[in-house]
Structure formats: C-alpha cells, structure tokens
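To start, the structure under review is shown below, and the notes come after it.
The values are calculated or read from the model by the stated rules, or taken from the named source; none is laboratory data. Predicted model, so just to flag it, every value in this text is computed and none were measured. Positions of Cβ are backbone-derived with ideal geometry, glycine not excepted, and every protein chain shown enters the neighbour counts.
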Amino acid sequence: MKKLLQDLKETSMSAITNADSIDVLEGLRVKYLGKKGELTAILKQMGALSAEDRPVMGQLANEVRESLSSSIEEKRCELEEKMLEARLRSETIDVTIPGKSVEVGKKHPLNTVLDEVKDIFVGMGFTIAEGPEIEFADYNFTKLNTEEGHPARDRSDTFYFTDDDHLLLRTQTSPVQAHVMETQELPIRIISPGRVYRKDEVDATHSPMFHQIEGLVIDKGVTMGDLKGTLDTLMKELYGEGTVTRFRPHHFPFTEPSCEVDVQCFECGGKGCRVCKGEGWIEILGAGMVHPKVLENCGIDSSVYTGYAFGVGLERLAMRRFDISDLRLVYENDVRFLSQF
Ligand code: PHE
C-alpha cells in the first residue's frame, strides 16, 4: 500500500507540473483527490491492514493528500498569473499610433440661409407650407391670373410633361399660394420654400433648377405697408440693421400693385461696383398685393380680404450673404468650396 501511495504521489506530481491550463489542472484534482479519485480508492483498502500499519498508512495518505493539494494550488497561481500576463500582452494599446479622424460635414450655405429665413418668419408668426414640384398649368399659371397665351407660359421657358401643356415642372413657388388659399382656413400667413425649374442655360447666374421661398399673407385689412415692413425686417435680420432696401414698381400677373425689392450693395454701399454690376443695388425678390382675381379664383372674397405675396430667390440671398460670385459653385458640391462656410 505504501508503494501504491508513493506511485500515486510520483505520477500525480509530474502530471501537475506539466499541466498547461486551469482546466487540465482541475481535471487532475478530480482524478487524484476527488470523491471517486485514486487516493480515495487506495484508502478504501485500509480496512485490510493490521492495527499497527493502519495509522502509519493513514498518516502517509494524509501527507500525500496535503502535498498534492498544495502543489495543485501553487500550480493554479502560476497558471493564473501566466494567463493574466498573456492577456495584458495581447491587449496592449499603442497610444502613439495616430488616430482615425472623423470628418464632420457642414451645412450647405443654401440650407444655412434657408434655416435663417425660416426662423425669421416663424418668429413673425408664419407657418411653413409645402407644394408639389410637378404641377398643373392651372395652378402654376391660370389661377395666378396668367391665362393661356401669356408669354410666361411659353414652351421655351417651361418644362412641360404633356403635349397639351397641362402638366409641368413648376416655374415658381407661387402655385403654392393657390393650394394654400384653397385648403387653409383664413387668415393665412405662410412661407413655402422649394425647387423651381426653368429652361435656362447654366452660367454664373442661371441654372435650370433653383430655389424660391414663397410668402403669402391673407387677412382683413392687409396693406402694402405690412408687406414693406415684413420684407424690410427680413433683410435687416439677414444682412444686419444697417441694410437699406428699395421697393421698385414692377409687373406680375398675380399681384397688383407689384414691386421688386432690391438691397443696397454692401460691397460698395450703393456707389456701383463689380458685385452689383455698377447698379449700386441688388435685386432680391418680387412681391405685391395679391390680385383680386387670384383671390376669387381660389374662393376668397376679395371685397372682404386682402393680402400680399412675395417670392425670394434663395440662391441670390445665399450668394449675397456669403459673397459667392458664381452660382455653379453652389451646386457642384465640391467639399473644398463647401467647407469654407
Ligand atoms: N413668382 C415670382 C417670380 O418667380 C415672384 C413673385 C412671387 C412675385 C409672389 C410676386 C408675388 O418671379
């Protein structure tokens, strides 16, 4: 029996020394020291020993158990330490490697100005309306007092979809006026930004697609004074307190009287320069008092209600605002250009 114990000690010790993982080590503990392990199996034979041998063997067995347990424990510590070291090594971070920079984009200058315009009008009690870019000629022209045969309806200016010219890409945001008058409760106080389309060749100031912001106010007792005050406020909020505006008589079929609004050139202060093409003024928008015929066409009693409307060119606003000299830059989406704003 002594031999059995010594053999057990020898083989188990070398197995423990060679164990290369915690799992293997745990397996060895069960194999040698577990309830059904090899040491227990040997101890079961104690009954067959003489009364003198029994305590001696008992003591030897205890010694073997203790030295096995402590070897296993030592080995466990050693293996755990190794594992930790390996993990630390594999997770080492080289803080000197340059990081990956995250490129954050910027708001497009058109959007910057549009958001400002929206804020200014929302602050004055306007809401934002939307209308379709594919429009009926009826809304783009007829309801707006632009009858068939009017030069504004010419095929050379307008993208029509159909041979009978009844469906088109809207040439202005003004048809939104008609939609809003037909569907919204009075009084009306809206702006409506969006794309418009005209058959223009691309150059520094023209594009077949551009943006307008339509405005419409209909209520009892609205006057040209309200129109002037509102548009003057818009220009001062956008371009600064000192901004000077000029209201110049003009003609639009859907407003009467009509005007165009210019801002004094801030490059030259009105003297005339490259930016304003020697004019001293820069044309920014068209406006006027809504024509009674338009009110009636859209089901509003023109003897009770009056209103004003305006259409601002968003690109013009943005180009003045950021001193952009060529319209094409606004659409090319070259980040070297866009990242300046
Ligand atoms: N729709 C006109 C244009 O495109 C602008 C405008 C809008 C004029 C509203 C008067 C009233 O030129």
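List of remarks:
- Matching residues, region 270-296, being within 14 Å of the ligand (Cβ to nearest atom) and either touching a Cys at 6+ places or on another chain (Cβ under 6 Å) or outside any helix (DSSP H, G or I) (or both): 283, 284, 285, 286, 287, 288, 289, 290, 291
- Residues in region 83-100 that are assigned to a helix (DSSP H, G or I) and hydroxyl-bearing (Ser, Thr, Tyr): 90 only.
- Take the conditions (1) crowded, with 22+ Cβ neighbours inside 10 Å; (2) within 13 Å of the ligand (Cβ to nearest atom); residue 318 misses just one of them, which is (2).
Here is a yes/no grid of residues against (1) in contact with a strand residue (DSSP E or B) (Cβ under 6 Å, 6 or more places away or on another chain); (2) part of a loop (DSSP other than H, G, I, E, B); (3) without any contact (Cβ under 8 Å) to a residue 24 or more places away in the chain:
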| residue | (1), (2), (3) |
| --- | --- |
| 157 | no, yes, no |
| 164 | no, yes, yes |
| 168 | yes, no, no |
| 172 | yes, yes, no |
| 176 | yes, no, no |
| 179 | no, no, no |
| 185 | no, yes, yes |
| 189 | yes, no, no |
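- Within region 142-193, if we keep just the residues that are small (Gly, Ala, Ser) and within 12 Å of the ligand (Cβ to nearest atom), the residue that is surrounded by the most Cβ atoms within 10 Å (Cβ to Cβ) turns out to be 174.
- Output for region 219-244, where each listed residue is free of Cβ contacts under 8 Å to residues at least 24 places away in the same chain and part of a helix (DSSP H, G or I): 225, 228, 229, 232, 236
- Some residue of region 247-258 being within 16 Å of the ligand (Cβ to nearest atom), in contact (Cβ under 8 Å) with a residue 60 or more places away in the chain and surrounded by fewer than 21 Cβ atoms within 10 Å (Cβ to Cβ): yes
- When 299, 242, 229 are checked against the criterion of being within 22 Å of residue 119 (Cα to Cα), more than 16 Å from the ligand (Cβ to nearest atom) and modelled with pLDDT of 95 or more, a single residue qualifies: 229.
- Selection status of residue 325, polar (S, T, N, Q), closer than 22 Å to residue 188 by Cβ and more than 14 Å from the ligand (Cβ to nearest atom): no
- Looking across 263, 275, one residue alone is at pLDDT below 90, aliphatic (A, V, I, L, M) and in contact with a helix residue (DSSP H, G or I) (Cβ under 9 Å, 6 or more places away or on another chain). It is 275.
- Matching residues in region 305-329 - criterion: being charged (D, E, K, R) and part of a helix (DSSP H, G or I): 315, 316, 320, 321, 328
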